[in-house]
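Reading through the C-alpha coordinates given below for one structure.
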Amino acid sequence: ARVAAGTLPPEAEIVSPVWHDVIDPSATPLLDVVGTAAAHRNANDFEYTVEWACGVDPLEADFALPGHELVSTAMSGTYVQDGLLAQLDTTTVAAECLFGGVALRRSDGDDCDESHANTLRLRVEDTLGNAAEARKNVFVHQDASLRPGFPIALGTSGESSAVLFDLDDDGDDEI
(Lines give C-alpha, C1' and ligand atoms only; values in the text may rest on other atoms or scores of the structure.)
Protein backbone atom coordinates (compact mmCIF):
# COMPACT_ATOMS: atom_id res chain seq x y z
CA ALA A 1 0.00 0.00 0.00
CA ARG A 2 1.27 3.46 -0.86
CA VAL A 3 -0.55 5.23 1.97
CA ALA A 4 -0.47 3.79 5.47
CA ALA A 5 -3.77 3.22 7.21
CA GLY A 6 -4.85 6.18 9.32
CA THR A 7 -2.57 8.70 7.58
CA LEU A 8 -4.90 10.30 5.04
CA PRO A 9 -5.36 13.96 5.96
CA PRO A 10 -8.72 15.56 6.68
CA GLU A 11 -10.32 18.08 4.32
CA ALA A 12 -9.89 21.85 4.61
CA GLU A 13 -11.28 24.22 1.98
CA ILE A 14 -12.32 27.88 2.03
CA VAL A 15 -14.80 28.53 -0.79
CA SER A 16 -15.80 32.06 0.17
CA PRO A 17 -14.52 34.70 0.09
CA VAL A 18 -12.80 34.15 -3.25
CA TRP A 19 -9.07 34.72 -3.78
CA HIS A 20 -8.01 38.38 -3.63
CA ASP A 21 -11.56 39.62 -3.03
CA VAL A 22 -11.76 43.29 -2.03
CA ILE A 23 -13.95 43.63 1.05
CA ASP A 24 -15.37 47.06 1.89
CA PRO A 25 -15.86 47.10 5.69
CA SER A 26 -18.62 49.71 5.44
CA ALA A 27 -20.63 47.41 3.11
CA THR A 28 -19.58 44.10 4.69
CA PRO A 29 -18.85 44.61 8.40
CA LEU A 30 -19.05 40.85 9.04
CA LEU A 31 -17.41 38.66 6.42
CA ASP A 32 -18.70 35.08 6.25
CA VAL A 33 -15.94 32.48 5.92
CA VAL A 34 -17.59 29.55 4.11
CA GLY A 35 -16.00 26.21 3.38
CA THR A 36 -15.51 22.56 4.21
CA ALA A 37 -13.99 20.98 7.32
CA ALA A 38 -14.18 17.20 7.46
CA ALA A 39 -12.32 14.03 8.42
CA HIS A 40 -14.35 11.34 6.66
CA ARG A 41 -11.59 8.74 7.03
CA ASN A 42 -11.60 9.15 10.82
CA ALA A 43 -15.35 9.06 11.53
CA ASN A 44 -15.34 12.86 11.44
CA ASP A 45 -13.62 13.18 14.79
CA PHE A 46 -11.62 16.38 14.37
CA GLU A 47 -11.14 19.98 15.39
CA TYR A 48 -11.17 22.95 13.05
CA THR A 49 -9.80 26.42 13.63
CA VAL A 50 -10.31 29.58 11.54
CA GLU A 51 -7.80 32.38 12.01
CA TRP A 52 -6.71 35.57 10.27
CA ALA A 53 -3.55 37.65 10.08
CA CYS A 54 -2.31 40.80 8.34
CA GLY A 55 -0.43 40.47 5.04
CA VAL A 56 -0.14 37.95 2.22
CA ASP A 57 2.37 35.65 3.94
CA PRO A 58 2.04 36.14 7.69
CA LEU A 59 4.24 34.40 10.24
CA GLU A 60 2.82 31.72 12.53
CA ALA A 61 3.00 34.21 15.42
CA ASP A 62 0.76 36.64 13.49
CA PHE A 63 -2.12 34.16 13.62
CA ALA A 64 -1.61 33.74 17.38
CA LEU A 65 -2.31 37.40 18.23
CA PRO A 66 -5.29 38.00 20.56
CA GLY A 67 -8.56 38.10 18.62
CA HIS A 68 -7.13 36.46 15.50
CA GLU A 69 -8.67 33.07 16.26
CA LEU A 70 -12.23 33.39 14.97
CA VAL A 71 -13.39 29.93 15.99
CA SER A 72 -12.01 26.62 17.26
CA THR A 73 -14.56 23.83 17.28
CA ALA A 74 -14.34 20.11 18.01
CA MET A 75 -16.54 17.95 15.79
CA SER A 76 -17.56 14.33 16.41
CA GLY A 77 -19.46 12.30 13.85
CA THR A 78 -20.42 15.29 11.71
CA TYR A 79 -18.71 17.74 9.37
CA VAL A 80 -19.17 21.10 7.64
CA GLN A 81 -19.67 20.95 3.85
CA ASP A 82 -19.71 24.35 2.10
CA GLY A 83 -21.13 25.86 5.26
CA LEU A 84 -20.44 28.83 7.52
CA LEU A 85 -17.17 28.22 9.37
CA ALA A 86 -16.66 31.64 10.99
CA GLN A 87 -17.18 35.39 10.62
CA LEU A 88 -14.50 38.07 10.44
CA ASP A 89 -15.26 41.54 11.82
CA THR A 90 -13.79 43.60 8.97
CA THR A 91 -14.34 46.89 10.79
CA THR A 92 -11.43 46.19 13.16
CA VAL A 93 -9.00 44.79 10.57
CA ALA A 94 -7.81 48.06 9.02
CA ALA A 95 -6.95 49.63 12.37
CA GLU A 96 -5.22 46.52 13.69
CA CYS A 97 -3.18 46.03 10.51
CA LEU A 98 -2.28 49.75 10.43
CA PHE A 99 -3.77 50.21 6.97
CA GLY A 100 -4.56 53.88 7.63
CA GLY A 101 -2.71 55.25 4.60
CA VAL A 102 0.43 53.20 5.20
CA ALA A 103 1.65 51.41 2.07
CA LEU A 104 4.26 48.69 2.26
CA ARG A 105 7.46 49.34 0.33
CA ARG A 106 7.67 48.05 -3.22
CA SER A 107 11.02 47.53 -4.89
CA ASP A 108 9.56 47.91 -8.38
CA GLY A 109 6.25 48.21 -10.21
CA ASP A 110 5.90 44.44 -10.57
CA ASP A 111 5.81 43.82 -6.81
CA CYS A 112 2.44 43.05 -5.25
CA ASP A 113 1.07 45.90 -3.20
CA GLU A 114 -0.15 44.14 -0.09
CA SER A 115 -1.14 47.28 1.80
CA HIS A 116 -4.66 46.03 2.56
CA ALA A 117 -4.00 42.27 2.42
CA ASN A 118 -5.20 39.76 4.98
CA THR A 119 -4.83 36.00 5.11
CA LEU A 120 -7.62 33.72 6.28
CA ARG A 121 -6.52 30.27 7.45
CA LEU A 122 -8.57 27.12 8.09
CA ARG A 123 -6.79 24.32 9.95
CA VAL A 124 -8.33 20.88 10.41
CA GLU A 125 -6.73 18.20 12.60
CA ASP A 126 -8.24 14.78 13.21
CA THR A 127 -7.87 12.79 16.43
CA LEU A 128 -5.10 10.71 14.82
CA GLY A 129 -2.92 13.80 14.39
CA ASN A 130 -3.40 14.16 10.62
CA ALA A 131 -3.76 17.79 9.56
CA ALA A 132 -4.86 19.89 6.60
CA GLU A 133 -4.73 23.63 5.98
CA ALA A 134 -6.33 26.04 3.53
CA ARG A 135 -5.60 29.76 3.11
CA LYS A 136 -7.18 32.64 1.21
CA ASN A 137 -5.90 36.17 0.74
CA VAL A 138 -8.41 39.01 0.74
CA PHE A 139 -8.08 42.78 0.79
CA VAL A 140 -10.00 44.81 3.37
CA HIS A 141 -10.28 48.31 1.99
CA GLN A 142 -12.88 51.05 1.67
CA ASP A 143 -12.23 52.88 -1.61
CA ALA A 144 -14.34 56.02 -1.87
CA SER A 145 -13.35 56.45 -5.54
CA LEU A 146 -15.13 53.26 -6.68
CA ARG A 147 -18.20 53.78 -8.83
CA PRO A 148 -21.40 51.87 -7.96
CA GLY A 149 -21.32 48.32 -9.34
CA PHE A 150 -17.51 48.15 -9.48
CA PRO A 151 -15.33 46.23 -9.40
CA ILE A 152 -17.09 43.75 -11.65
CA ALA A 153 -16.54 40.09 -10.77
CA LEU A 154 -15.87 38.34 -14.08
CA GLY A 155 -15.90 34.85 -12.61
CA THR A 156 -12.69 34.04 -14.44
CA SER A 157 -9.25 35.45 -15.03
CA GLY A 158 -8.45 37.76 -17.93
CA GLU A 159 -5.22 36.31 -19.27
CA SER A 160 -5.28 34.41 -22.54
CA SER A 161 -3.88 31.02 -23.43
CA ALA A 162 -0.55 30.70 -25.15
CA VAL A 163 -0.56 30.79 -28.97
CA LEU A 164 1.30 28.02 -30.78
CA PHE A 165 2.84 28.67 -34.18
CA ASP A 166 5.66 27.22 -36.28
CA LEU A 167 7.97 30.25 -36.32
CA ASP A 168 11.00 28.62 -37.91
CA ASP A 169 9.29 26.28 -40.42
CA ASP A 170 10.71 23.14 -38.78
CA GLY A 171 7.30 21.47 -38.41
CA ASP A 172 7.14 22.06 -34.63
CA ASP A 173 5.00 24.76 -33.07
CA GLU A 174 6.67 27.21 -30.71
CA ILE A 175 5.01 29.17 -27.92
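The values are calculated or read from the model by the stated rules, or taken from the named source; none is laboratory data. If you're wondering where the values come from, they're calculated on a predicted model, not measured in any experiment. Neighbour counts run over all protein chains shown; Cβ positions are idealised from the backbone, glycine included. Ligands, DNA and RNA are stripped out before the accessible areas are found, and what is left, the full protein with its side chains, is counted by its heavy atoms. Shrake-Rupley method; radii C 1.70, N 1.55, O 1.52, S 1.80 Å.
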A correct Stokes-Einstein calculation for segment 1-44, using the alpha-carbon Kirkwood radius, 10 °C and 1.306 mPa s, returns a whole-number D in µm² s⁻¹ of 120 µm²/s
Residue with peak Gaussian network fluctuation, the chain [Cα springs, cutoff 10 Å], from Asp32, Asp24, Asp143: Asp143
For a quick check, take a GNM of the chain with Cα springs below 10 Å and name the residue from Gly149, Gly77, Gly129 with the largest mean-square fluctuation. Gly149
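The chain: longest stretch without exposed trypsin sites (Lys or Arg not before Pro) (DSSP loop, at most 15 other Cβ within 10 Å), sites themselves excluded?
Details: sites that count: Arg2, Arg105, Arg106.
Longest stretch, sites excluded: 3-104.
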From the P(r) of the chain, could you give the percentage of C-alpha pairs in the tail past 22 Å? 56 percent
From phi via Karplus (6.51, -1.76, 1.60), per-residue ³J(HN,Hα) for segment 117-127 in Hz, x at Gly/Pro: 7, 9, 10, 9, 9, 10, 10, 10, 10, 7, 6
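How much mean residue ellipticity at 222 nm does the chain get from its helices, if each DSSP H run of length 4 or more adds -39500 (n - 2.57) and you divide by all residues, to the nearest 500 deg cm²/dmol?
Working: 2 runs with 8 residues, N = 175.
Calculated from helices alone, the mean residue ellipticity at 222 nm is -500 deg cm²/dmol.
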On the accessible surface of the chain, probed at 1.4 Å, how many percent belong to carbon and sulfur atoms? 52 percent
What are the residues whose amide H is under 5 Å from the amide H of Ala86, where those residues sit 5 or more places off or on another chain and H is modelled from the backbone? Val33
Based only on Cα atoms, what Rg/Rh ratio does segment 1-98 have, Rh being taken as Kirkwood's radius? 1.03
